[in-house]
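The values are calculated or read from the model by the stated rules, or taken from the named source; none is laboratory data. Remember, it's a predicted structure, so these values are computed and weren't measured experimentally. Cβ: placed from backbone, ideal geometry, glycine included. Neighbour counts: every protein chain shown. These area figures cover heavy atoms from the full protein model, side chains too; ligands, DNA and RNA do not enter into them. Shrake-Rupley method; radii C 1.70, N 1.55, O 1.52, S 1.80 Å.
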Amino acid sequence: MWDTLWTDCNLATMREGGAPYGAIQRGAIAVEKGRIAWIGYAADLPADLQSRAHDVRRCGGAWITPGLVDCHTHLVFGGDRAREFELRLKGASYEEIARSGGGIVSTVAATREATKEALVESAAKRLAGLTREGVTTVEIKSGYGLDLETELKQLEAAGELGPRANVRVKRTFLALHALPTEFKEDRAAYVQLVADVMIPAIAAAGTADAVDAFCENIGFTTDEVDYVFSAARANGLAVKLHAEQLSNQSGAALAARYHALSADHLEYLDGAGIAAMAHSGTVAVLLPGAFYFLREKQLPPIEALRKAGVRMAVASDCNPGTSPMTSPLAALNMACTLFHLTPEEALAGITREGARALGVLDEIGTLELGKGADLAIWDVHTPAELSYWLGAPLLKERVFAGRVA
Ligand SMILES: [Zn+2]
């Protein structure tokens, strides 16, 4: 017996090589034990099979896509930076904000102070924003502890959110995010602590799938990232990188040398970086929310990425400093309006390519026989509406591992 059969629906399977969006119009999809057990045109569904489902759900012509995959967030943190946002808009300088205790330092202090339970509670509200718009898989980075105890606390909090919200969570140790004030005079000692102590401890605890870093002139150098990536590799963890967001540091090329899952932001990515990413199959994760919030002018090299065949994902980058956004659909809209992605590229970016950027494309990200049955069912006439509306309540139903969640 099938557990559930959805009929009278259109399917945006996001499989490659066929119709736009991998569309199957007037389709049907059945799930059994959390997996897709049948998918195709409703006309091809044998009549005797229809009675094989416990629950038959008629969708009234709705579109079904893969559950959304938000592959880059910093969802777990203490406090927020709304006061700083307000001060800045009243004309305060960065120095004044820093002196009044603002900036990432304030998030680190609030995260260190918070209990794990408090971190779970505050992140759960932001996660509800994502799931309300169809997210079934989310990546969550640490990086606001800058000491082992707090980084572990953040990663454990991230792990508790999954079962609580019926979401698949992939966790990333953001190893080099900022230099903690206690190491202000000795960066090398901090990088060494991260590589030699924190990464082995986090790998042993099994609380992260990947290691990330912020490679930037106001962050960490490629040599420092290189050192930390070797430690990640030695401890069996995948790597990914915040690269070329505010300047070109050739971080993406370094990430590609390590066969990174993804290089993210990429506004200042150059031709050599694009070629390296194409060669290694590293996904370009585009984060239009941060571009918007920071009012950046430099666009990522979308056309060159397309030409080189680099896969492009889209994510919310939800974080308190530069992208306080809990709407994946807003990210799609911004990817189209600001970065000129097509609505099909944007949707692929937050389904198939998001899954590829997390190394879970075998399991989710497209609607295919045998894959996990994570679905989003939308009250739209065409999948382009998902990128078109800003703020419309489009989600009818979210299905996680075969169950309406
Ligand atoms: Zn980020």
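A few remarks follow.
- One Cα centroid belongs to region 152-211, the other to region 32-74; the line between them spans 37 Å.
- Using the average count of surrounding beta-carbon atoms within 10 Å as a protection proxy, the listed peptides 395-403, 217-225, 85-93, 234-242 rank, highest first, as 234-242, 395-403, 217-225, 85-93.
- Portion, in percent, of the accessible area of region 191-256 that falls on carbon or sulfur, probe 1.4 Å: 50
- Reducing region 332-405 and region 267-330 to their Cα centroids gives an inter-centroid distance of 17 Å.
- Taking the charge dipole of the chain about its Cα centre, with +1 at Lys and Arg Cβ atoms and -1 at Asp and Glu Cβ atoms, the residue from Ala278, Met312, Ala348 reaching farthest to the positive side is Ala348.
- Once backbone amide H atoms are built at 1.01 Å from N, Trp38 has Ala30 as its partners under 5 Å, excluding neighbours fewer than 5 places away on the same chain.
- Comparing Ala43, Tyr144, Ala201 along the charge dipole axis of the chain, the residue lying farthest to the positive side is Ala43, per the Cβ-charge model.
- Computed about the Cα centre, the dipole magnitude for the chain is approximately 740 debye when only Lys and Arg (+1) and Asp and Glu (-1) carry charge, each at its Cβ.
- Selection among Met1, Gly129, Ile218 by position relative to the dipole of the chain gives Met1 as farthest towards the positive end (Cβ unit charges, Cα centre).
- Hz values of 3J(HN,Hα) by residue in region 27-43 - Karplus curve (6.51, -1.76, 1.60), Gly and Pro given as x: x, 8, 8, 10, 10, 9, 6, x, 10, 6, 9, 7, 8, x, 6, 4, 5
- Extended-chain gain in nm, criterion 0.36 nm per residue less alpha-carbon gap, Arg257 and His381: 40.3 nm
- Highest-MSF residue in the chain out of Ala178, Ala392, Ala346 [GNM, Cα springs under 10 Å]: Ala392
- Overall form of region 60-161 per C-alpha gyration tensor (a/c, 1.5; a/b vs b/c): oblate
- Solvent-accessible area, 1.4 Å probe, carbon plus sulfur percent, for region 1-117: 51
- Here region 174-330 is treated with +1 on each Lys and Arg Cβ and -1 on each Asp and Glu Cβ, and its dipole about the Cα centre works out to around 480 debye.
- Computed over the chain with a Gaussian network model linking Cα atoms closer than 10 Å, the most mobile of Gly34, Gly101, Gly354 is Gly101.
- Separation of the alpha carbons by more than 18 angstrom is noted, of Lys33/Lys371; Lys141/Lys240; Lys90/Lys297; Lys170/Lys307; Lys141/Lys170, for Lys90/Lys297; Lys170/Lys307.
- In this rough spin-label picture, where each label sits 7 Å from Cα along the Cβ direction, the Asp186-Asp226 distance is 2.4 nm.
- Where both bridge residues fall in region 1-74, DSSP classifies roughly 60% of the beta bridges as antiparallel.
- Take every Cα pair under 8 Å whose residues are at least 6 apart in sequence, average their separation, divide by the length of the chain, and the relative contact order is 19 percent.
- Å² per residue, accessible surface of the chain at 1.4 Å: 41
- Once both labels are positioned 7 Å from their Cα atoms along Cα-to-Cβ, the gap between Gln25 and Arg306 label points is 2.4 nm.
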